[in-house]
Amino acid sequence: MNTETSGQGALWKGGAGNAWVDEQAVIDQMFGPIETLLVETAASSKVERALDVGCGTGGTTLALARRLGTGARCTGIDISEPMIASARRRAALEGLPVDFVCADAQHHHFEPASVDVVLSRFGVMFFDDPVAAFANLRQATRPGGRLCFVAWRAAEDNPFMTAAEHAARPLLPGLPQRQPDEAGQFGFAREARVRDILEHAGWEGTKVERLDVQCRFPESELTGYLSRMGPVGRAIAGLDAAMQQRVIETMRPAFNAFVTGDTVSFRAACWVASAQAG
Ligand SMILES: C[S@@+](CC[C@H](N)C(=O)[O-])C[C@H]1O[C@@H](n2cnc3c(N)ncnc32)[C@H](O)[C@@H]1O
């Protein structure tokens, strides 16, 4: 099966991709600490070619390009046209020499052994065949080249990410239930599964470590974020304005615990995974 035409591909090319474009500034602010960690890890040894997988609107790719300067070439790959278009606009505005490729990273033909470091911020949990996808990324990586990505731990460990669907479910009974190990946000929740995928894909020296990051953004952005993002954002997109408002008012109190003054703050419970191409 080709991810391009499967559920995840269609999702990111459409509603989810557009929502991420609209909320790009808020998302880059809240996940800024993870961007910094990935950029510093990637830049910790010599890099001439870097590949950001599931780069979305390009925040991490652009930050790495700024950090590495003119001696390195950074490429971002993403399946979503709207997100890649946004990433290209951002690169052009800054005049950064970054390539953004719109393609499925599981199937894309990368130049073999061409990349020094593959990185990703939450962009690698969506493949329909993750072993094939990570084998493809390994083939793109030169011997001794590195992989480093951040993925979510379990939904139960990330209450901020699931509060909206818990609160809205009585009004939206058709909301999808998260299934263990399914492609999606929490597809890499099980550490053993992450190790298994990387090892079967031929990566060596796999490390999967817990990473807890405090993420923050302005409270003034919370309603906009909730009404666009995640399963609830997608579910209410087709509803009339009155029903959308009702869902938003029902969800909002569930987020009081995350608001202090004018700031939303939550802990992102993640894995940081790293490995090497042999
Ligand atoms: C959670 S978003 C993360 C975006 C970005 N890395 C960031 O942190 O802002 C996941 C991204 O993975 C992309 N994606 C999903 N499946 C993909 C695939 N098979 N190949 C390339 N990108 C994919 C989506 O389009 C989306 O941009």
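The values are calculated or read from the model by the stated rules, or taken from the named source; none is laboratory data. All of these numbers come straight from a predicted model, not from anything done at the bench. Note that we place each Cβ from the backbone using ideal geometry, even for glycine, and neighbour counts take in every protein chain shown. Each accessible area value is taken on the protein alone, full model and side chains, heavy atoms only, with ligands, DNA and RNA left out. Shrake-Rupley method; radii C 1.70, N 1.55, O 1.52, S 1.80 Å.
Return one whole number: the accessible area per residue of the chain in Å², for a 1.4 Å probe. Write out the running numbers ahead of the final one.
Numbers: 12060 Å² over 278 residues.
About 43 Å² of surface per residue is accessible.
For the stretch 1-68, the dipole from Cβ point charges (+1 on Lys and Arg, -1 on Asp and Glu) about the Cα centre works out to 220 debye, to the nearest 20.
If only the Cβ of Lys and Arg carry +1 and only the Cβ of Asp and Glu carry -1, the dipole of the chain around its Cα centre is close to 300 debye. Here the Karplus relation 6.51 cos²θ - 1.76 cosθ + 1.60, evaluated at θ = phi - 60°, turns the backbone of the stretch 151-166 into coupling constants of 9, 6, 6, 5, 4, 4, 7, 10, x, 4, 6, 10, 4, 4, 5, 4 Hz, with x for every Gly and Pro.
Within a Cβ distance under 10 Å of GLY7, other residues only, what is the Lys/Arg minus Asp/Glu net charge? Taking every other residue near GLY7 into account, the sum is -2.
If I take all pairs of Cα atoms in the stretch 126-278, what percentage of them are more than 29 Å from each other?
Working: 3620 of 11628 pairs.
More than 29 Å apart: 31 percent of the Cα pairs in the stretch 126-278.
Note on ALA257 and ARG142: their simple-model spin labels are 4.9 nm apart, each label 7 Å out from Cα toward Cβ. Taking the Cα of ALA154, stepping 7 Å toward and past its beta carbon, and measuring to each backbone N in the stretch 181-211: which are under 11 Å? Backbone N within reach: 189-191.
With all protein chains present, how much of the accessible area of the chain (probe radius 1.4 Å) comes from carbon and sulfur, to the nearest whole percent? Kindly include the intermediate steps, with their values, before the conclusion.
Details: 6180 of 12060 Å².
Percent of accessible area from carbon and sulfur atoms in the chain: 51.
Taking Cα atoms only, the orientation of helix 130-140 departs from the longest principal axis of the chain by about 40 degrees.
If you look at the Cα atoms of the stretch 147-217, you get an Rg and a Dmax of 14.8, 47 Å. Here the spin labels are modelled as points 7 Å beyond Cα on the Cα-Cβ line, and at SER220 and SER45 they lie 4.5 nm apart. Percent of Cα-Cα pairs more than 19 Å apart in the stretch 29-141, please. For the stretch 29-141, the share of Cα pairs beyond 19 Å comes to 40 percent.
Add -39500 (n - 2.57) for each DSSP H run of 4 or more in the chain, then divide by its residues: what number comes out at 222 nm, to the nearest 500 deg cm²/dmol? Walk me through the intermediate numbers first.
On the way: 12 runs with 113 residues, N = 278.
Calculated at 222 nm, the ellipticity per residue is -11500 deg cm²/dmol.
Placing unit charges on each Cβ (+1 for Lys and Arg, -1 for Asp and Glu) gives the chain a dipole about its Cα centre, and among HIS200, SER86, GLY278 the Cα reaching farthest toward its positive end belongs to GLY278.
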